[in-house]
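Step one of this worksheet: look at the structure below.
The values are calculated or read from the model by the stated rules, or taken from the named source; none is laboratory data. Keep in mind the model is a prediction, meaning the values are calculated, not measured. Glycine gets a Cβ as well: all are built from the backbone with ideal geometry, and neighbour counts include every protein chain shown.
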């Protein structure tokens, strides 16, 4: 039984997600103590319970009796893998976070061609979480280059507070050794792409949110770089109103960097939203950084599972990335180095 201190690093849900996924992947029973002990609300939250129960359901693993507020748990992995599971989510819990331990566990499933995870409820967009638009356009295309193919089919979007999304993930476990991750130079870029996802509740002709966001992005980006800018609008049905903006660019080396997903808020104007996203993306372009902060958190667990040495260059080591490195070391005992220089950090 591997003992894990749940207060390590940023002491949040990242420890739970990676530890649970790795527990299945490496067939390693775990006990996690001090879960979120340094947070105002200690112990498991509802979202964490959803993710752990989904993973246990998919793999037939034994999860100790848990509830909201639980500060210690055990997970004993099994290999009784289902071909399909249904996630019923009665909150706006982030679907992008719920899938993380499952996609990690699926790296080691060799007997099934594909696994389907259907979701009903939850949020496709949420604060401090990867949107499904980000996963579709940045995370999963890069995962596929490494050897893990994941498709996301969105039938309905969901925002806080009601959630209400629906769709499915189709995960194709690798049939061969994973390719090493070698991303140290961004390479040349020729255009900026993006998507503005807006719910139909906000479709007001006299105050065109999408147009204002696009104009702000183009105005700000054109001051810094001379590139074609292509941003599509996606008007969607949702139980709660919301706006999400993602910008990204792909280089001639196949690297994809992104602004992440910037959410609309009452205190942020459409013009500010566009400027924030543009500035996020420009920071990576100026420093020739090929891995954005949001991707680094997600790609490190896969780097550690590849037998070949891997190296990435990031703008900074995020708290989530540092936490992931602690957990990776505990499970794999693989060495890693962090090399900082003036225009980024190599891991």
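Observations
- Flag for residue 254 being touching a helix residue (DSSP H, G or I) at 6+ places or on another chain (Cβ under 8 Å) and surrounded by fewer than 15 Cβ atoms within 10 Å (Cβ to Cβ): yes
- Top-ranked residue of region 168-197 - restricted to ones that are without any contact (Cβ under 8 Å) to a residue 60 or more places away in the chain and touching a helix residue (DSSP H, G or I) at 6+ places or on another chain (Cβ under 9 Å), ranked as farthest from residue 231 (Cα to Cα): 172
- Residues in region 173-184 that are surrounded by fewer than 17 Cβ atoms within 10 Å (Cβ to Cβ) and modelled with pLDDT of 95 or more were compared, and the one that is nearest to residue 113 (Cα to Cα) is 179.
- Any helices (runs of 4 or more DSSP H) falling wholly within region 199-315 and containing at least 1 residues that are touching a residue at least 12 places away in the same chain (Cβ under 8 Å), under 17 Å from residue 130 (Cα atoms) and under 20 Å from the mean Cα position of the chain (by Cα): 270-287, 293-305
- Test: residue in region 42-53 that is under 29 Å from residue 114 (Cβ atoms), part of a loop (DSSP other than H, G, I, E, B) and either in contact with a strand residue (DSSP E or B) (Cβ under 8 Å, 6 or more places away or on another chain) or at pLDDT 95 or above (or both): no
- Only one of the listed residues (105, 165) is crowded, with 24+ Cβ neighbours inside 10 Å and farther than 26 Å from residue 198 by Cβ. That residue is 105.
- In the set (1) crowded, with 20+ Cβ neighbours inside 10 Å; (2) under 30 Å from residue 335 (Cβ atoms), residue 283 fails one condition alone, (1).
- Here residue 32 meets the list (1) touching a strand residue (DSSP E or B) at 6+ places or on another chain (Cβ under 6 Å); (2) in a loop (DSSP other than H, G, I, E, B); (3) crowded, with 23+ Cβ neighbours inside 10 Å almost entirely, failing just condition (2).
- Odd one out for residue 137 among (1) under 13 Å from the mean Cα position of the chain (by Cα); (2) surrounded by fewer than 16 Cβ atoms within 10 Å (Cβ to Cβ); (3) touching a residue at least 40 places away in the same chain (Cβ under 8 Å): (2)
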